1. Can you report the principal axis dimensions of the protein assembly as shown using only the alpha carbons, biggest first, rounded to whole angstrom?
2. Among residues other than B:Ala65 whose Cβ falls under 12 Å from its Cβ, what is the net charge (Lys/Arg +1, Asp/Glu -1)?
3. Using alpha-carbon positions, what is the distance between the centroids of the range B:46-99 and the range A:67-131, in Å?
4. Largest first, please: the extent of the C-alpha atoms of the range A:83-160 along each principal axis, to the nearest Å.
5. Hey, what number do you get for chain B at 222 nm if only DSSP H runs of n ≥ 4 count, each worth -39500 (n - 2.57), divided across all residues, to the nearest 500?
6. Using the Karplus curve 6.51 cos²θ - 1.76 cosθ + 1.60 with θ = phi - 60°, what ³J(HN,Hα) values do you get for each residue of the range B:176-185, in whole Hz, with x for Gly and Pro?
7. Taking the Cβ of each residue in B:Arg264, B:Arg345, B:Arg381 as the centre, tally the other Cβ atoms inside 10 Å and list the residues starting with the fewest.
8. Under a 10 Å cutoff between Cα atoms, tell me which one of B:Val181, B:Val159, B:Val235 has the largest fluctuation in the Gaussian network model of chain B.
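Each reported figure results from applying straightforward, stated rules to the coordinates on display, with no laboratory input. Here the structure is a predicted model, which is why all the values come from computation and not from measurement. For neighbour counting, all protein chains shown are included, and Cβ atoms are generated from backbone atoms with ideal geometry for every residue, glycine included.
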Amino acid sequence: MNTLLKNLEAGINNNDCMLMGHVIAGFPDVKTSIEAAKGICSGGASFLEVQFPFSDPNADGPVIENACYTSIENGFTVEDGFKIVRELSSSTKTAIIIMTYANIVFKYGVQSFVKKAKECGASALIVPDLPLDHDEGLMHYATENDMGVILIATPGCDGKRIKDLSEKSFGMLYTVARRGTTGNKTELNAETDEWIQLVKNNSTKPIALGFGIQSKEQTDKLKGVVPIVIAGSYFVTVISKLKQNENVQSELEKASKALF
Amino acid sequence: MKYNLPDENGFFGEYGGSFIPEELQKIMNEINVEYNKARKDPEFQKELAYLYQHYVGRPSPLFHAQNLSKKYGAEIYLKREDLNHTGAHKINHCLGEVLLAKRLGKKKVIAETGAGQHGVALATAAALLGLECDIYMGEVDIAKEQPNVIRMKILGTTVVPVKSGQRTLKEAVDECFDAYVKDPVTQLYAIGSVVGPHPFPQMVRDFQSVVGTEVKSQFKTQTGQALPQNLVACVGGGSNAMGLFYPFIDDTSVNMYGVEPAGRGTAVGDHASTITYGKPGIIHGFKCYLLQDENGAPSSVYSVASGLDYPGVGPEHSNLKDIGRVNYFNITDKEAIDAFFELSRIEGIIPAIESSHAVAYAIKLAKQKPGESIVVNLSGRGDKDIDFVIDNYGKQYGIHR
Ligand SMILES: Cc1ncc(COP(=O)(O)O)c(C=O)c1O
């Protein structure tokens with residue numbers, strides 16, 4: 001069974017609040033990004049997004065954007081990305097999700113990219129700028145390979161769109177808490193409550209809520225509200241602040257545990 | 001068969017489309033719906049036509065450049081977009097975009113700019129029609145195009161310096177996209193060329209096609225011939241070229257030439273000849289020829305003309321290349337600068353460095369096609385470029401400060 005579906009089922013059955021972590025492949029370098037990812041996984045993440053950096057990540061804010069630039073400047077290749085995914089999926093129980101942008105997939109060849117992702121043990125794909133109805137065959141190939149594409153619902157979607165997206169999304173519906181790019185802290189206020197409620201009322205799949213999550217205080221409020229929380233820029237920030245000689249894996253494990 | 005693109009999803013053949021996050025898709029759909037209403041609304045068209053005539057100064061002249069013609073042996077005509085208010089073709093689509101922004105109830109228009117021409121044109125249209133305006137511009141271009149930066153500020157626009165990457169046009173687009181994603185509700189991203197997600201490539205082309213439509217009737221009136229034999233325009237994103245070409249696409253006797261910047265060499269990073277050296281890719285929400293490396297990362301680009309150094313190109317040009325309807329060639333920095341001085345000195349017209357690329361190619365073409373008619377889109381005037389040209393090339397042409 002697909003690891004993502006397996007972890008999801010276990011978490012839902014246990015009524016857990018699950019964590020989806022995030023690393024930038026090759027940031028600050030390939031080796032450190034692997035160690036950091038392992039730390040997030042051993043810290044309790046059920047899912048991990050491994051972002052293959054693109055120079056123009058148009059759904060991401062400055063923290064992730066800068067990490068992407070650094071990785072690219074250090075010579076990141078798509079093959080490095082697959083190497084990282086292979087290492088993580090074979091050494092952890094966390095479901096590995098490849099997150100990237102359209103041109104990376106398109107240039108590699110959509111079918112080849114999906115096959116390679118599968119071969120390296122990835123469970124799912126997230127490509128924010130390949131839209132549902134014009135995705136260059138991404139979803140078709142993913143389904144063919146016992147994987148899927150996780151779709152993203154953003155504020156502004158109406159109930160019907162949320163329903164459509166959730167039906168086609170793989171396992172869960174990635175739900176963005178507020179407008180704008182990744183990174184800024186989200187105030188969990190009446191407006192976000194209303195939005196989350198709209199998604200809950202219309203989604204046919206469990207909700208993974210993301211953008212701006214960085215503290216236990218926030219996740220405490222979300223317990224029982226959504227089954228999965230996503231922390232992206234939070235982990236990338238921790239990685240960017242690592243000092244020389246620090247044990248990368250244990251620092252990230254701590255950061256992961258600190259969210260709960 | 002009559003040319004009828006894009007299709008309803010914004011595709012020109014395999015190019016174009018709308019490759020953007022969910023959040024922006026909804027907004028693009030709204031823009032598309034409203035644009036299609038506006039297109040068929042006589043009131044909207046009347047207002048635009050009024051502004052073209054009385055504010056921009058349209059129709060712009062079609063000038064038979066007899067000195068140039070005599071010297072190089074063909075009949076060369078210049079479509080004088082340089083004489084428009086604000087000095088380039090960009091005002092044609094900016095007025096359209098800002099009128100549309102008002103229809104959509106937006107408070108602010110935002111955009112990227114390279115040479116500053118689109119920025120100035122948008123700042124101008126925004127001032128006229130009462131909207132706020134933010135322009136994103138790479139720091140390198142800000143230094144190179146000071147007069148336009150100052151113009152925008154005088155017009156009440158905020159110029160946002162872009163400090164990332166190569167600090168030129170591509171990064172300005174990136175940052176403007178970011179700003180747009182943050183607030184797509186009160187702002188409209190008034191894209192500066194026939195690029196971006198659907199419906200922008202179509203919309204900007206439609207607004208610019210006034211250029212080709214005028215050329216058609218002016219050429220006939222002036223020469224008694226039904227159609228010109230050759231059309232030449234420079235291609236950055238490709239808006240001035242689409243404006244000239246589009247009304248002639250079904251006139252198969254008309255040869256069309258798009259001119260890309262060959263910069264200072266053929267190595268990656270030394271040019272921006274997207275169609276000549278690129279491969280299909282996806283950037284800034286659309287599919288097109290793209291200069292990119294084997295990992296799919298857009299390549300760094302360079303041209304002496306700030307308005308041409310973009311690693312992508314309009315999706316319609318990408319398709320016109322594939323179906324063989326338009327020929328694409330490139331012109332080096334040096335050839336463009338030579339043409340800049342040539343046109344200045346034998347016709348008394350100082351062209352924009354971007355447009356100088358088209359002039360340079362027309363001169364080459366004239367030698368290959370003696371006696372034929374060639375219409376060049378003189379997309380802008382060169383006032384903005386004089387300091388840069390004199391500082392970098394003055395000595396070679398005997399000019400000292
Ligand atoms: C005078 C002039 N011509 C041409 C261009 C290139 O744009 P496009 O290819 O969209 O016409 C620019 C861009 O700034 C310009 O200022």
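1. Extents along the principal axes, in whole Å: 84, 52, 48.
2. Numbers: positive: B:Lys70, B:Lys71, B:Lys79, B:Arg80; negative: B:Glu75, B:Glu342, B:Glu347.
Charge balance near B:Ala65 sits at +1.
3. 48
4. 40, 26, 20
5. Numbers: 16 runs with 172 residues, N = 401.
Calculated at 222 nm, the ellipticity per residue is -13000 deg cm²/dmol.
6. Going residue by residue, I get 5, 4, 4, 5, 5, 4, 4, 8, x, 8 Hz, with x marking Gly and Pro.
7. Working: B:Arg264 15, B:Arg345 12, B:Arg381 21.
Lowest to highest Cβ neighbour count: B:Arg345, B:Arg264, B:Arg381.
8. For chain B, modelled as a Gaussian network with Cα springs under 10 Å, the answer is B:Val181.
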